[in-house]
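Below is one structure, written out as structure tokens; the observations come after it.
The values are calculated or read from the model by the stated rules, or taken from the named source; none is laboratory data. Bear in mind that the values here come from a model prediction, so they are computed numbers and not experimental data. Methodologically, a virtual Cβ is constructed for each residue, glycine included, from the backbone with ideal geometry; neighbour enumeration extends over all protein chains shown. Ligands, DNA and RNA are excluded from the accessible area calculation, which covers all protein heavy atoms including side chains. Shrake-Rupley method; radii C 1.70, N 1.55, O 1.52, S 1.80 Å.
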Amino acid sequence: MVFKCQEDSFLRQFTTKVLSCEAATLDWIPPGETNAKKLQGYNVICEDTILFPEGGGQPCDYGQLNGQPVRSVIRKGAEAIHFVETSTRFEEGDVIKQSLDWNRRLEHMQQHSGQHLITALFDSEFKYDTTSWWLGSDTSYIELDTKHLISRESLDLIERRANELIREGRVVTVQLEDPEIAKEFQDARAPRGLPKDHVGLARVVRIEGVESNMCCGTHVSNLSQLQCIKLLYAEKSKNAVNVHFVVGERVLRKLGEIFQREQQMNLALKGGPTQHLELIQKLQLNLKSSTKAFQKLLKDVAISEAEKLENTPQPYPKYYCLHRKDGIEPDFINTFLRNAPEGIFYFLTVSENSSNNGKGLMVLRGSENEVKKFGEIFMELLEGKGNGRDTNFQGKFNNGSKIPECNAILEKHFNGDKIKK
Ligand SMILES: [Zn+2]
């Protein structure tokens with residue numbers, strides 16, 4: 001079966017008949033989103049279709065049946081099943097109008113024909129086989145069967161050659177062949193071959209003077225329709241190398257996005273693109289030394305707090321609380337405890353700055369019984385988890401808003417009797 005979309009990949013409207021319609025649901029991820037939505041609708045099979053069913057590495061088309069959105073098209077044997085998101089069912093024999101989301105189709109055709117072209121060039125220039133390819137929603141890649149990482153110079157060579165062929169406007173044709181004859185064009189580069197449930201003639205896609213390849217996808221009719229190809233980068237993946245690329249409209253979109261980001265960076269960094277890297281490195285260095293200075297100061301504060309306590313007139317208080325909100329800096333607590341006098345029950349916290357109910361770290365030091373008892377109570381109040389050993393208890397908490405309540409509990413425990421008197 002050759003669908004209308006494969007016979008004429010430029011047809012955007014088509015009238016056909018409904019063969020069957022069944023109620024169905026579909027888990028669909030809307031373009032640009034990550035979470036699937038459950039859609040209610042119908043699976044509709046038509047006499048023919050201009051909407052390409054997912055296959056050969058190319059995602060399905062979107063479009064409409066009688067104005068109702070088609071969210072997925074899959075091929076089953078000789079039939080294409082359209083999932084239509086609608087509450088109105090289609091009747092068998094209905095004459096309906098199909099329309100195609102042309103921008104999506106054009107983008108897919110450009111990436112797919114572009115893939116054939118660069119696959120052929122990597123084969124002829126370097127004898128690298130393409131073992132698979134991926135048409136992503138942003139960029140695409142081919143997987144090349146080689147262990148050598150491909151240099152920028154090699155990518156530039158292929159890119160230059162591909163764009164030369166685009167400028168020459170080589171013709172792209174699709175011929176229908178007997179599957180046995182078509183197998184000749186199922187070379188090592190495209191080992192997938194025909195799917196098991198394929199029926200009828202096979203399609204051979206030819207780029208004039210470049211290559212012939214068996215393929216089910218929709219393709220441009222002339223390389224000039226690819227506009228241009230950019231090979232972005234090559235990366236190693238297991239025993240292969242992936243070459244990432246964009247073709248046609250995507251080159252323009254990507255360039256637009258990059259330029260916009262560049263302008264935002266100019267403003268944020270107060271410098272032009274050629275200085276960006278240098279300015280960021282400078283910022284990183286500054287941040288590193290500021291962090292170092294801050295930690296040193298915080299340690300000094302811890303020591304001074306401990307000394308202040310040590311210098312208070314005897315007898316020392318029975319318990320002592322200290323809560324800092326300069327960020328979760330365990331060093332502050334450790335330094336304080338190393339310098340603080342013995343014989344006092346300590347309740348110390350360091351937590352995220354700026355908010356009262358932020359996350360933080362808590363340390364208790366005191367007698368084994370008290371540490372265990374208050375550790376458990378405080379962790380529950382502060383929504384945290386921790387454990388104690390001997391005279392120490394340490395825990396992480398998620399909600400610091402109840403710290404004053406914890407302080408009050410200690411006040412009552414240690415000084416409650418005194419107040420009563
Ligand atoms: Zn293909």
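Numbers for the structure displayed
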item: For the range 111-172, the fraction of alpha-carbon pairs in successive 5 Å shells from zero, as %; result: 4, 16, 27, 27, 19, 6, 1
item: Tail beyond 23 Å, pair distance distribution of the range 4-100 (Cα, percent); result: 18 percent
item: Förster radius 51 Å - calculated FRET efficiency between Leu279 and Asn392 (Cβ-Cβ, nearest 0.05); result: 0.65
item: Ser132-Asp94 FRET efficiency (beta carbon distance; Förster radius 25 Å; 0.05 resolution); result: 0.05
item: Per DSSP, loop chymotrypsin sites (Phe, Trp or Tyr not before Pro) in the range 1-69 with at most 16 further Cβ within 10 Å; result: Phe10
item: Solvent-accessible heavy-atom area per residue, rounded to whole Å², over the chain at 1.4 Å; result: 55 Å²
item: Proportion of all alpha-carbon pairs of the range 293-420 beyond 24 Å (%); result: 25 percent
item: Mean residue ellipticity (222 nm) of the chain, computed from DSSP H runs ≥ 4 via -39,500 (n - 2.57), nearest 500; result: -11500 deg cm²/dmol
item: Theoretical gain in end-to-end length, Ser401 to Glu168 [0.36 nm per residue, Cα-Cα removed]; result: 76.9 nm
item: Cross-link partners of Lys292 among aspartates and glutamates (Cα-Cα below 17 Å; sequence separation of 8 or more within a chain); result: Asp300, Asp326, Glu329, Asp331
item: Mean projected area in nm² (Cα convex hull; one quarter of hull surface) for the range 106-257; result: 9.0 nm²
item: Dipole in debye (nearest 20) - the chain, about Cα centre, beta carbon charges: Lys, Arg +1; Asp, Glu -1; result: 1840 debye
item: Calculated from backbone phi, Karplus (6.51, -1.76, 1.60) coupling profile of the range 256-264 in Hz, x at Gly/Pro; result: x, 5, 5, 5, 4, 5, 4, 5, 5
item: The range 365-421 - Rg (one decimal) and Dmax (whole number), Cα, Å; result: 12.0, 37
item: Residue (of Gly271, Gly386, Val247) at the positive-pole extreme of the chain, dipole from beta-carbon charges; result: Gly386
item: Candidate lysines - alpha carbon under 30 Å from Lys147, same-chain residues fewer than 8 apart omitted; result: Lys127, Lys183, Lys230, Lys236, Lys238, Lys254
item: Restraint check, Lys373/Lys412; Lys37/Lys76; Lys76/Lys196, Cα-Cα greater than 19 Å; result: Lys37/Lys76
item: Options Gly343, Pro31, Gly395, ranked by Cα towards positive dipole end of the chain, top entry (Cβ charges); result: Gly343
item: Shape parameters for the chain, alpha-carbon atoms, Rg then Dmax in Å; result: 34.0, 105
